[in-house]
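Below is one structure, written out as structure tokens; the observations come after it.
Each value in this text was obtained by applying a stated rule to the coordinates, not by laboratory testing. Every value quoted in this text rests on a predicted model; they were computed, and no experiment measured them. Cβ: placed from backbone, ideal geometry, glycine included. Neighbour counts: every protein chain shown.
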Amino acid sequence: MRIIVLVKEVPDTYGDRKLDLETGLADRSASEKVLDEIGERALEVAISYAESHAGTEVVALSVGPDSVPTTLRKALAMGATSAVHVLDDALRGSDLTLTAEVLSKAIERTTFDLVIAGNLSTDGTAGVIPSMVAELLGVPHATNLGSIDISESEVRGMRTTDDGTMEIVTPLPAVVSITERMPDARFPNFKGIMAAKKKPFETVSLSDLGIDAEAPVPRSIVVAVAEKSARAAGVKIIDEGNGGQQLADFLIANKLA
């Protein structure tokens with residue numbers, strides 16, 4: 001079985017998050033770049049299955065700038081069999097539709113039995129890429145799974161909703177996404193880090209995937225972007241016998257009552 005895991009390089013969750021006010025794009029130099037935690041959990045699912053099922057190949061796939069190989073090497077050190085990096089200057093500022101198209105083309109090129117992704121990244125938090133990729137691939141998808149059981153012919157998982165819990169079953173090939181209910185990922189050990197240096201690592205461009213690099217990018221645009229204004233001091237009410245009236249006046253003035 002070949003399992004492709006979609007991973008993403010993102011700004012550190014605990015670092016600064018900033019937008020470039022000229023381009024409207026995330027300023028990815030504002031903090032350390034790391035492998036998204038939900039992607040690590042998806043890798044853990046795939047690698048754990050591969051460890052108990054001989055012949056399973058785990059491919060880490062990512063789209064992004066020339067800094068991505070560093071994070072992909074971590075995926076290899078964790079236990080992925082190989083890695084594929086889609087790198088092309090024309091992808092700068094790509095939106096969800098183009099990203100999904102690029103991922104689906106890269107998946108088709110690699111071939112797959114199962115695609116595993118996180119339900120949403122910590123930077124964009126769109127949460128639609130797995131479904132969009134499945135639609136483009138023409139395969140079933142099971143999203144937002146809090147547990148997962150993989151077999152040679154199907155995937156079963158549990159999804160928690162506002163109304164309860166439902167069991168999802170889909171035949172392979174398929175695309176699934178997992179939530180943070182899944183176990184934490186392992187830390188790469190020294191042996192894994194050394195082994196990662198010798199594992200297959202492929203870099204492909206849009207032309208390799210048969211995508212027209214001259215097409216307009218992005219397909220959707222940011223109309224305007226502005227820096228959030230500094231937080232002002234709040235209103236302090238000192239009760240000198242009329243605190244209740246002051247509070248009522250404040251709520252009415254701010255249309256909160």
_Rg/Rh ratio calculated on Cα atoms of region 84-191 (Kirkwood radius)_ = 0.99
*With springs only between Cα atoms under 10 Å apart, run a GNM on the chain and tell me which of LEU19, LEU43, LEU72 wobbles the most.*
LEU19
*Choose one answer from ARG231, ARG186, ARG156: the residue with the largest mean-square fluctuation in a GNM of the chain with alpha-carbon springs under 10 Å.*
ARG231
*asked:* With loop defined by DSSP as not H, G, I, E or B, and exposure as at most 13 other Cβ atoms within 10 Å, which is the longest segment of the chain clear of exposed GluC sites (Glu not before Pro)?
replied: 33-151
*Residues with beta-carbon under 12 Å from that of VAL128, excluding VAL128: net charge, scoring Lys, Arg +1 and Asp, Glu -1?*
-2
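Any idea what the dipole of the chain comes to, in debye rounded to 20, about its Cα centre with Lys/Arg Cβ at +1 and Asp/Glu Cβ at -1? Walk me through the numbers on the way to the answer.
Values: 25 positive and 38 negative charges, 110 e Å.
So the magnitude is around 520 debye.
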*Once Lys and Arg get +1 and Asp and Glu get -1 on their Cβ, which of LEU91, SER153, SER48 lies farthest toward the positive end of the dipole of region 2-204?*
SER48
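If you average the sequence gap of Cα pairs under 8 Å that are 6 or more apart and divide by the length of the chain, what percent do you get for the contact order?
Working: 470 pairs, mean separation 57.7, N = 257.
This gives 22 percent for the chain.
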*Charge sum, other residues only, whose C-beta stays under 14 Å from TYR49's C-beta, Lys/Arg counted +1 and Asp/Glu -1*: -3
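Grab the alpha carbons of the chain, take their convex hull, and tell me the volume per residue in Å³. Don't skip to the end; give the middle numbers.
Details: hull volume 47.9 nm³, N = 257.
Given the Cα convex hull of the chain, per-residue volume reads 186 Å³.
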